Amino acid sequence: MRISFINDYNSAGHPDIINAVLAACPNKYIGYGLDEESEKAKNAIYKLIGNNNAQVHFLMGGTQTNLVAISAFLRPHEAVIAPKTAHIQVHETGAIEAVGHRILTAETADGKIKPQDIRSVVQQHGNEHMVKPRLVFISQATEYGTIYSLEELRELRKTCDELKLLLYMDGARLAPALMSERNDMTAQDIARLTDAFYMGGTKNGLLFGEALIISNPDIGEDFRFFMKQKGGLPAKGFLLGLQFYHALESGLYFSIAKQADTMAGILTAELKKAGCPFMADTYTNQVFPIINDDIVRLLERDFLFETWERVSETMTCIRLVTTWETTSEQISAFVSRYLSLIKI
């Protein structure tokens, strides 16, 4: 069996989460997220973000969360500003545009949008004959495994306030970002500086689930109506709440993210020692080495990973993703195989 570095959601879930779900099976819960487990999970999130007045909603997956949130926050003529590499632009099958909202993209070298990028897009859309930019979409961590610093987030908030834009953060991989050795922000900072963001569970040990936090009271009205209309209000919502409550209350949510980051750091260091170039400097659980095409094909015999981006006629950037399941032995196996191939 090939060793997998293909993603961080290719196993059912962390055993502790699965056991928590099994333990809850004999119980009977109120539906649609109105149960005691969901309430306990919300309280754990309020404590984490330092804001008891925020709205917390549990949804099934990242694409659904982005679709429901963005379509609820925007009027029909309003558009999203995002990096060209943003998940909503590349990997969500046009979901945002399917509900009538244009995505206005900016070129970025590292997956992070800058204040000048936002200003440029706004300046290009100055009257009622064009869509109106209204929301800036960012990811923490980004699709290239990079993270925004606290100062960068502050500058984005300042720019959005100046231009009357909402700031929304995709947090599918928020836990690895917060646990990164280069991170200098907290969940409280994020809740304070964004209008809304979500904490990913699907890619961090849960069976499924994302927790959307709406800090701005002006955009949260009737949100459960939007959830229901877009298919985001599951009858068995308690399954989402009890997973998040257990993961947060036990500390598992952050400890397994730290494990994933640690394994990625070891992998990066070993490949750098071997002289391997990278697409970007990353400090979370996604690693993007640039490797000769012939070596990539040979590595694919023993390892599962994604080919991410063509770099030249002979070189390809691949993506290696580590998780709480990744072991040092698996890292050593990949590095040893790579070293043997570059010496051929």
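Here are the numbers for the structure shown:
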item: Percentage relative contact order, the chain, counting C-alpha pairs under 8 Å, at least six apart; result: 24
item: Whichever lysines have a C-alpha closer than 16 Å to that of K258, once near sequence neighbours (fewer than 8 apart) are set aside; result: K203
item: Amide H within-cut-off set for G209, under 5 Å, with H built and near neighbours excluded; result: G201, T202
item: Order by protection proxy (mean Cβ within 10 Å, highest first), peptides 126-132, 232-238; result: 232-238, 126-132
item: Greater than 22 Å apart at Cα, pairs in K112/K230; K132/K228; K273/K343; K272/K343; result: K112/K230; K132/K228
item: Spatial separation of Cα centroids for the range 21-58 and the range 191-241, in angstrom; result: 11
item: Mean Cβ count within 10 Å, highest first, over the residues of peptides 172-181, 7-16; result: 172-181, 7-16
item: Cα-based Rg and Dmax for the range 1-71, where Dmax is the largest Cα-Cα distance (Å); result: 15.8, 49
item: Read-out Cα extents along the principal axes in Å, derived from the coordinates shown; its label in (i) 62, 58, 34; (ii) 66, 46, 35; (iii) 62, 53, 52; result: (i)
item: Partners for K28 among aspartates and glutamates (Cα-Cα distance below 18 Å; same-chain residues under 8 apart left out); result: E36, E37, E39
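Read-outs: derived from the displayed coordinates by stated rules, not from any lab. This is a predicted model, so every value here is computed, not measured. No Cβ is skipped: glycine too gets one built from the backbone with ideal geometry, and neighbour counts run over all protein chains shown.
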